[in-house]
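Everything on this sheet refers to the single structure shown next.
The values are calculated or read from the model by the stated rules, or taken from the named source; none is laboratory data. Small disclaimer: the values here were computed from a predicted structure and weren't measured. Using ideal geometry, Cβ is built from the backbone for each residue, glycine included, and neighbour counts are taken over all protein chains shown. Remember, those area values only see protein heavy atoms, side chains included, never the ligands or the DNA or RNA. Shrake-Rupley method; radii C 1.70, N 1.55, O 1.52, S 1.80 Å.
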Amino acid sequence: MPKSREHRRPLAEEETVKAQSRRLRGTIAEGLKDLVTGALSEADSKLLKFHGAYQQDDRDLRLERQGQRLEPAYAFMVRVRMPGGVCTPAQWQGLTGLARERGNGTLRITTRQTFQLHGILKADLKPLMAELGALGLDSIAACGDVNRNVICHNHPATSPVVREVRALAADLSAALLPCNAAYRETWWDEPAAEEAGAEEEPLYGPTYLPRKFKIGIAVPPLNDVDVLAQDLGFIAIIEEDRLLGFNVAVGGGMGASHGDGATYPRLADLIGFCAPGQVLAVAEQVMRIQRDHGDRTNRRHARLKYTLDDRGIAWFKAELEDRLGFTLGPVRDHRFESRSDRFGWIADDEGRWHLTLRVLAGRLQDEAACRRLTALAEVARLHDGDFRLTPNQNLTISGVRPDRKAVIEAVLARHGVPMPMEPEEGVRRHAIACVSFPTCGLAMAEAERALPGFLERLEGVLHTLGLSGAAISVRLSGCPNGCARPRLAEIGLVGKSPGRYVLYLGGGFAGERLNTSYRDNVTLDEVIAALTPLLADYAVHREPSERFGDFVIRAGHLLAPDPPSRPPRKEEAAL
Ligand code: SRM
Ligand code: SF4
């Protein structure tokens, strides 16, 4: 934002909260002791995000409790920091225990390769954080105006550079952590630092970033991290199995608000190439530019994507190279083919096996027919490799010795966990949904809970049309913040109000193109009705290997104007 405009506006309230927080401590420690209420103060609940936790209330119970004049059913969500999405079997078992004993009995794999634990009552929050620490995990900077969980492609059998890329994700996460001791003091009872509340934050400064910041590392031809949706993306350039460096992409972001044209999803721009040894410097300087130039007056305009659009890519690149003291190389060729996970057993060059399982919407829980949480905890007891979470909300049991494959399969089968799906289940393989109701405070329509029913209906249509195996990406978000990255789906649904969505079509299969609004304010019935003729046309007129997202554009379907989707008002019906 041009300086003159910014100067006339007051700072966003969050800026004052951060500045007065004594390096993110606020009064969280005191607030936790007050068990008369299930909540923290408003300022502390904002600061809590920097500690990786959100205060939420059960949206299913909100109205009922309002009617009974009770305070909302408050509970907390904790998001673990897990760079590159890898954890040990012991950590897996520990997290399962935490979910059962202190949470709502489920673990939720997120679109940023980590776990969220939901439904934690105030009295359980501090013990849970301590137990997380004992597992060698934490939730520092998993939320808040800082660099978030760094994501990267992590399937060991995909490419020889996966190990390097994972190490880089961990290095980035460590290098970009805030330096204050607030987390350790608040949750782990470490003695207060001498300079408590005034520690140096050499990278962030006293008010941290204007907004969240996200980094992803892709290993072509896979783009499972949706690298162009990140504030900062690194795309591995590999030649003869050697990592040469990375194309650098800046300014991606998915969030928008309905009806507010000043907010929009944006794909990152490729600005150059850097060597592996330059990645940390590039990341740090990109973040510093955003720290110094991002909009601190309007949080809806505070992501890097808006800084870039306000000031221009040329300005940004010059500023970056000036701060770096070297120039980026020219962008190298790369090609993405897919964002999908590779399901089933795959062996790597060293003869270890890796089993990727589909977890619909990332929710690990025990249900009557399928006791996933129990099954995986049991696998963790006998597994000596690790577990890897994917940005598609799925899971790889990784590094399995050949003689353990059958044992793992038997455990999964005993608890009703299906082995990876048949190839016919095309659409299910590519589906993602955000959490939404009942925990998300920003949800406008169902997402995770609506996904299974929606997929079943869509699969019915596809089956009838002979398209059961068609790989089509479907993503469902409960609001336009876009946590499931729905604006990058071939079929994207974005919640507008309970039961109603905007239907977007035409996203690129490998995440290279945003989709376009096709129907506004429609129910899921109307979505199926709108999709059926398009899919029928696709079944008959698609070219060999043509993706649905490409087809709807080529066939001109996206040019049709949106018909009114709301029911006619009384006066209109009378005409
Ligand atoms: Fe998100 C806010 C869940 C990935 C864009 N997101 C939220 C909150 C915390 C709601 C809130 O602020 O009160 C949601 C908590 C729901 C709950 O009950 O658990 C939430 N976001 C999620 C997760 C769990 C979705 C999922 O189903 O997996 C993902 C957790 C990621 C993680 O582990 O760190 C998640 N969120 C994303 C992504 C995808 C990504 O990062 O690749 C996006 C779009 C990319 C982007 O940031 O532009 C995303 N979430 C948002 C936004 C819009 C931000 C914006 O600047 O436009 C919000 C709202 C906000 O920050 O004010 C938001
Ligand atoms: Fe909540 Fe909206 Fe994100 Fe879904 S997209 S989790 S409804 S903020």
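Details
- Qualifying residue in region 131-139 (condition: assigned to a loop (DSSP other than H, G, I, E, B) and buried (at least 24 other Cβ atoms within 10 Å of the Cβ)): yes
- Selection status of PRO420, open to solvent by less than 50 Å² (accessible area, probe 1.4 Å), within 16 Å of ligand 2 (Cβ to nearest atom) and either more than 30 Å from GLU239 (Cβ to Cβ) or modelled with pLDDT of 95 or more (or both): no
- Residue count, region 404-417 (criterion: open to solvent by 20 Å² or more (accessible area, probe 1.4 Å) and either polar (S, T, N, Q) or within 16 Å of HIS354 (Cα to Cα) (or both)): 6
- Scanning region 21-59 for residues that are out of contact with any strand residue (DSSP E or B) (no Cβ under 8 Å at 6 or more places or on another chain) and loosely packed, with under 13 Cβ neighbours inside 10 Å yields a total of 5.
This table checks each residue for (1) within 9 Å of ligand 1 (Cβ to nearest atom); (2) more than 23 Å from ARG513 (Cα to Cα).
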site: MET444; (1), (2): no, yes
site: GLY453; (1), (2): no, yes
site: GLU456; (1), (2): no, yes
site: VAL461; (1), (2): no, yes
site: THR464; (1), (2): no, yes
site: ALA471; (1), (2): no, no
site: PRO480; (1), (2): yes, no
site: CYS483; (1), (2): yes, no
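- Positions within region 475-493 being under 15 Å from the mean Cα position of the chain (by Cα) and aliphatic (A, V, I, L, M), in sequence order: LEU476, ALA484, LEU488, ALA489
- Residue within region 12-28 that is within 21 Å of the chain's Cα centre (by Cα) and part of a helix (DSSP H, G or I) present: no
- Qualifying positions in region 483-539 - of a type in the set (Asp, Glu) and farther than 20 Å from VAL461 by Cα: GLU512, ASP520
- Among the residues making up region 107-119, those that are touching a residue at least 60 places away in the same chain (Cβ under 8 Å) and either within 7 Å of ligand 1 (Cβ to nearest atom) or surrounded by 21 or more Cβ atoms within 10 Å (Cβ to Cβ) (or both) are LEU107, ARG108, ILE109, THR110, THR111, ARG112, GLN113, THR114, PHE115, GLN116, HIS118.
- Some residue of region 438-446 being more than 16 Å from ligand 2 (Cβ to nearest atom), surrounded by fewer than 22 Cβ atoms within 10 Å (Cβ to Cβ), touching a residue at least 24 places away in the same chain (Cβ under 8 Å) and of a type outside the set (Asp, Glu): no
- Residue under evaluation ILE237, criteria (1) within 16 Å of ligand 1 (Cβ to nearest atom); (2) over 19 Å from the mean Cα position of the chain (by Cα), criterion not met: (1)
- Single residue of ARG342, ARG323 found to be out of contact with any helix residue (DSSP H, G or I) (no Cβ under 7 Å at 6 or more places or on another chain), open to solvent by 20 Å² or more (accessible area, probe 1.4 Å) and in contact (Cβ under 8 Å) with a residue 12 or more places away in the chain: ARG342
- Elements of type strands (runs of 3 or more DSSP E) contained in region 337-426, each with 3 or more residues being within 30 Å of GLY507 (Cα to Cα): 344-347, 353-357
Residue by residue, here is whether (1) under 28 Å from PRO498 (Cα atoms); (2) out of contact with any Leu (no Cβ under 8 Å at 6 or more places or on another chain) holds:
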| residue | (1), (2) |
| --- | --- |
| GLY38 | yes, no |
| PRO72 | yes, no |
| GLN93 | no, yes |
| ARG102 | no, no |
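- Output for region 283-319, where each listed residue is open to solvent by 10 Å² or more (accessible area, probe 1.4 Å) and small (Gly, Ala, Ser): GLY312, ALA314, ALA318
- For region 269-282, the tally of residues that are without any contact (Cβ under 8 Å) to a residue 60 or more places away in the chain and open to solvent by less than 10 Å² (accessible area, probe 1.4 Å) stands at 3.
- Scan of region 60-72 for residues that are charged (D, E, K, R), over 16 Å from MET444 (Cβ atoms) and open to solvent by 70 Å² or more (accessible area, probe 1.4 Å), ordered by number: GLU64, ARG69, GLU71
- Restricting region 447-465 to residues that are within 16 Å of ligand 2 (Cβ to nearest atom) and among the small types (Gly, Ala, Ser), the residue that is nearest to the chain's Cα centre (by Cα) is ALA447.
- Scan of region 156-172 for residues that are part of a loop (DSSP other than H, G, I, E, B) and either open to solvent by less than 10 Å² (accessible area, probe 1.4 Å) or among the aliphatic types (A, V, I, L, M) (or both), ordered by number: ALA157, VAL161
Rundown of residues vs (1) at pLDDT below 95; (2) open to solvent by less than 10 Å² (accessible area, probe 1.4 Å); (3) part of a strand (DSSP E or B), yes/no style:
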{"site": "PRO202", "(1), (2), (3)": "no, no, no"}
{"site": "LEU228", "(1), (2), (3)": "no, no, no"}
{"site": "ALA236", "(1), (2), (3)": "no, yes, yes"}
{"site": "LEU244", "(1), (2), (3)": "no, no, yes"}
{"site": "ALA249", "(1), (2), (3)": "no, yes, yes"}
{"site": "ALA262", "(1), (2), (3)": "no, no, no"}
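- For region 264-277, the criterion of being within 29 Å of ARG22 (Cβ to Cβ) and away from ligand 1 (no atom under 14 Å from the Cβ) is met by no residue.
- Comparison of GLY84, GLY94 shows that the only residue that is on the phi > 0 side of the Ramachandran plot and part of a helix (DSSP H, G or I) is GLY84.
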